[in-house]
Every structure is written in C-alpha cells, then in structure tokens.
Amino acid sequence: MSPQAIPCVNPPLTPPTPEHVPAAVRRAVLKSLTAAGLAMAIAPASDASPTGRSIAIHFGTEQPPATGGSSVDGAAGVLNTVTWNNFSFATQATPQLLTVDLNSGSLASAATIIWSSNNTWSSTGLGEENNTGTGENRDLMAGYLDTGGLGGVGVTINVTGLNTSGFNLGYDVYVYIQGGVNGRGGDYTLGGVTNSHTGDSPFTGTFLEDNDLPGTPAGSNYIVFRNVIGDGFMLTGTPLIGNPARAPVNAIEIRAVVPEPTSVAALAGGIGVLLGLRRRKER
C-alpha cells in the first residue's frame with residue numbers, strides 16, 4: 001500500500017542550543033542535518049533554477065486532438081515544464097518509472113506511479129468541444145482520466161519513491177482539470193486535505209488556480225496541494241457534481257519545495273553547532 005502524504009507547513013529550521021540538547025538527540029539531529037546538508041551540496045546546479053525540479057505527468061495521451069494522441073512534448077502547464085511523462089489507458093497496475101525535469105535537462109529517477117480510473121476521454125475531438133487552447137497546453141488539457149457518475153468509479157493515483165528523487169524536503173502537487181462538459185465536478189483528496197472543483201468554462205490557453213474559497217475565479221482549471229511531505233502520496237478524484245457527475249484528472253505535476261535562504265542559513269548553523277559539539281566531545 002502506498003504511503004500517505006501528510007500536507008503540512010515546513011517551519012523554519014532553528015539551530016539548537018547545545019547545553020539544552022540531550023546527547024542522544026544531538027546524535028540523531030547531527031545525522032539528519034548532515035545528510036540534508038550533503039544532499040544540498042551535491043544537488044546539480046541546474047536544480048537551482050527559479051521553478052526547481054519537478055515531475056510532470058500527463059494522462060490519456062491516446063486521446064485526440066492530434067493524430068496519434070495528445071502527448072505533451074514541450075513546455076506546458078503553469079510552470080512551463082519541458083519534460084513530461086506521457087501515459088495512456090485508464091488503468092496501470094504496474095509501477096511506471098518517472099523522469100524528473102530540471103528545467104535545463106532531465107533525470108531518470110526511482111519514483112514510480114500507478115493509477116486507476118473508469119476510462120479516458122478528451123475535452124476536444126470526441127464531440128465535446130471544451131478546449132480552444134493551442135500547442136502543448138491544448139494537448140495537456142485534452143486527454144484525461146475520467147470517472148463514472150455519482151457513486152461510480154473515481155480516479156486514484158499513487159506516486160512513490162520521491163525521497164530518493166530529490167523531493168525529500170517537501171513538494172507541491174498541481175492537479176490539472178478540464179473535462180469535456182461544464183458544470184461537472186467533485187472532490188480531490190490528497191492525504192488529509194480535500195479540495196472541491198467544478199469546471200465552468202472551456203480551456204482557452206490560460207491557467208487559473210481554484211483555491212477552493214468563495215469567489216474562486218471563473219475558468220479555474222487546476223488546484224494545488226502545498227507543502228506535502230512524504231515518500232509518496234495517493235490522490236483521488238470523487239465525482240459529486242453534475243448530471244452525470246465527473247471528477248477528471250488531465251495531469252499532475254510534483255514540484256520540489258525550494259528552501260528559503262533563511263532556512264538554509266539556519267540549517268547550516270545547526271550543522272555547524274552540532275559538528276562543533278562532536279569535535280569537542282572527541283577531544
């Protein structure tokens with residue numbers, strides 16, 4: 001069973017005060033902080049780009065509009081990610097390896113994904129024209145994992161192996177949503193957080209976040225689960241709204257959290273204090 005991600009806010013790291021830290025705790029924290037510090041030190045320079053590293057995944061690529069499917073082969077989405085993992089079919093029970101986008105290249109990883117849904121469909125090309133975008137973004141918001149109606153089969157997506165793929169400090173999960181008919185929606189749940197979304201207009205090439213608050217912008221087409229921590233997560237889409245109800249998923253994108261400079265400085269300070277403690281004990 002895939003581990004459940006626990007969305008939370010990462011507090012700033014504060015250097016410990018040596019005289020108030022038990023020896024066993026100092027040893028454990030030293031090991032943890034040193035590992036984190038080394039991970040930062042060996043991170044590729046390309047990973048310091050403004051949008052950081054991400055894993056972008058598009059579903060339903062066998063669907064229209066383009067001949068041969070709607071795979072995403074270039075910059076697309078809110079973050080203009082270049083490297084996309086394109087998958088076909090409604091269900092995949094065999095773990096599929098995922099490629100990481102570094103904004104100046106890509107990197108094979110040990111992260112994997114499995115998913116299940118009722119079927120795949122498209123927001124355009126199948127008699128339901130709900131997509132007037134262009135280029136790669138049109139393809140991104142075309143094919144999707146579809147659901148049954150109210151009480152029917154939903155969407156379930158499981159991702160694992162993120163800690164060893166450069167996401168061990170936390171990540172945000174973007175969920176792109178564009179069904180074939182407006183006025184349909186449902187609940188999207190990751191860990192203990194649930195966001196509701198109802199599609200209300202065609203995709204025209206503009207991305208708008210549904211913040212799940214009153215007054216959400218009309219035309220919103222993606223939601224974000226922020227500050228998720230864990231080696232993996234399960235995302236579900238449950239159809240609740242419309243006749244018939246639908247809660248589709250076109251794509252998801254996992255964006256690694258980049259520590260703020262103050263957190264990095266605090267981390268370095270903590271490592272320095274604990275290394276000093278260890279050297280003093282050895283003397």
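Values quoted throughout were computed directly from the atomic coordinates according to the rules given, and no laboratory measurement underlies them. Note that this is a predicted model, so its numbers are computed, not measured. Cβ placement follows ideal geometry from the backbone for every residue including glycine, while neighbour counts extend to all protein chains displayed.
Some points to look at:
- Tensor-based shape of the range 61-119 (alpha-carbon gyration tensor, a/c under 1.5 rounded, otherwise prolate or oblate): oblate
- Put simply, the amide H of S109, placed in the peptide plane, has neighbours under 5 Å in L98, V100, leaving out anything fewer than 5 places away on its chain.
- Gain on full extension, evaluated as 0.36 nm per residue between Q96 and N80 minus their Cα-Cα distance, stands at 3.5 nm.
- In this structure, the amide hydrogen of L240, modeled 1.01 Å from its nitrogen in the peptide plane, lies closer than 5 angstrom to those of G185, G186, D187, R246, counting only residues at least 5 positions away or on a different chain.
- Sum of side-chain charges, A75 neighbourhood, beta-carbon under 11 Å (Lys, Arg +1; Asp, Glu -1): -3
- Karplus-derived 3J(HN,Hα), 6.51/-1.76/1.60, for each residue of the range 190-204, Hz, glycine and proline x: 9, x, x, 10, 10, 10, 9, 8, 10, x, 10, 6, x, 7, 10
- Point-to-point label distance, T204-F89, nm (Cα→Cβ direction, 7 Å offset): 3.9
- Interchain or long-range residues, amide H under 5 Å from E129's placed H: none
- For the range 49-162, a/c is not less than 1.5, where a ≥ b ≥ c are the root eigenvalues of the C-alpha gyration tensor, and a/b does not top b/c. That puts it in the oblate class.
- Mean Cβ count within 10 Å, highest first, over the residues of peptides 146-153, 182-189, 214-221, 170-177: 170-177, 182-189, 146-153, 214-221
- Length gained on full extension, E62 to N211: 50.6 nm, using 0.36 nm per residue less the C-alpha separation.
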